[in-house]
1. Determine the gain in length on full extension of the stretch Asp121-Leu54; use 0.36 nm per residue of separation and subtract their C-alpha separation, reporting nm with one decimal.
2. Calculate one ³J(HN,Hα) per residue across segment 99-104 by plugging θ = phi - 60° into the Karplus curve 6.51 cos²θ - 1.76 cosθ + 1.60, and present them in order as whole Hz with x for glycine and proline.
3. Can you tell me the Rg and the Dmax, both Å, for the Cα atoms in segment 87-175?
4. What ranking of Lys140, Lys118 comes out by heavy-atom accessible area, probe 1.4 Å, highest first?
5. Roughly how many nanometres apart are two label points built 7 Å out from the Cα toward the Cβ at Thr107 and Leu134?
6. If amide H atoms are built 1.01 Å from N in the plane of the peptide, which residues on other chains or at least 5 residues away come under 5 Å of the amide H of Asp146?
7. Would you rank Val90, Val151 by solvent-accessible area, highest first, keeping every protein chain in place and using a 1.4 Å probe?
Amino acid sequence: MVKARAVRFGILPMAVLGTLVAGCGTQRAGESAGPGTPSRSASAVAAPSTPVDLPCPGESPTHAPSKPAGPSKPAAQPGDHYAENHGFMVPIPLHGRQRCDGLAAVTRIRHVLEPLRKRGDFDPASTRSALTHLGYATAKVQSYQDGPTGVGYLIDASPMCLEGTMSSRTTEADAFGGYPDHSGCDQPRGGH
């Protein structure tokens, strides 16, 4: 009995010492680490990093986005859960090298579709044919009629998605990284 009690009393000081050592050198948010060291607020410590996109080849520094691309989110009213409930439908923006690859793909698509637009060829089959000639797999290219003088398209060029429209006025193209909680490039339906 005496030996077991001595072991228990020996463990207690070791546990206290271990706790003290583990706490040494830590700094709480908002505390200064010492003279001349700026303090960091709790929000600065907890803030996730935001990817910074540098200019891509052929892009001027003034045209490179300073913050992530993507649709802006309207300010939510108290009790309004629209943005929260429909976040799964917001495309994932591309960053870094994938953003540059996306911009290059958008340029190639506009270049190949512009002759169709100028001659008024808004047949989905012509659009699909032009896009597959760029090297996209036939099974990964969708095209559809978008009014009497328009056509829309969607390309699954995993890991990126390309979509846009062509009308008598303009050829539009956009690259994005798919959707949260959804495989594929088509916009998810339903909700959660």
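1. Numbers: separation 67, 0.36 × 67 = 24.12 nm, distance 3.68 nm.
Length gained, Asp121 through Leu54: 20.4 nm.
2. 5, 5, 4, x, 5, 5
3. 12.8, 39
4. On the way: Lys140 95, Lys118 155 Å².
Heavy-atom accessible area, descending, gives Lys118, Lys140.
5. 1.3 nm
6. Val151, Gly152
7. Values: Val90 55, Val151 0 Å².
Greatest to least solvent exposure: Val90, Val151.
The values are calculated or read from the model by the stated rules, or taken from the named source; none is laboratory data. Since we're looking at a predicted model, the values are computed, not measured. For neighbour counting, all protein chains shown are included, and Cβ atoms are generated from backbone atoms with ideal geometry for every residue, glycine included. The accessibility values were calculated without ligands, DNA or RNA, using every heavy atom of the protein model including side chains. Shrake-Rupley method; radii C 1.70, N 1.55, O 1.52, S 1.80 Å.
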